[in-house]
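Heads up, the thing below is written out as structure tokens.
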Amino acid sequence: MLKASHRVSDLFVELLEQQFPVDAQHPIRFRSASQFANHMKVHVNHLNRSLKKALNKTTTQVITERILSEAKTLLQKSSLSVAAIGYALGFTEAAHFNNFFRKHTKTSPTKFRTR
């Protein structure tokens, strides 16, 4: 059973990583556990259980960590606006990206960029 969990986990991580790097012309395609599960043709609960066994994290945690990592990289190394970065990362509103970033880093994207 552990091998199956690792196989599902590996496929998920590969699919997640294929979306990066992102830019304004190539935004992220999948942001939610259900979108990944649908694309992988597995039930979202199976995906979650597999990742929990293999990585000791939920699907949402893994996605959030990767999106946050990409956001930090783009804020520090690109000239894209905060709104363009948010859009590229799958946020439909700049405010949603700002709220997401602030929730997970305790600072705004603009303040993070100017550090």
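Just a few scattered comments:
- Computed magnitude of the charge dipole of the range 2-113 (debye, nearest 20; Cβ of K, R +1, Cβ of D, E -1): 420
- Ordered by the count of other Cβ atoms within 10 Å of each Cβ, fewest first, 3, 111 give 3, 111.
- Taking every alpha-carbon pair under 8 Å whose residues sit at least 6 apart, the chain reaches a relative contact order of 26 percent.
- Positive-pole candidate from 59, 88, 112, dipole of the range 2-113, charges at beta carbon: 59
Bear in mind these aren't lab numbers, they're just calculated from the coordinates by the rules spelled out. What you are looking at is a predicted structure, and each value in this text was computed from that prediction instead of being measured. Reconstructed Cβ throughout: ideal geometry from the backbone, glycine too, with neighbour counts over all protein chains shown.
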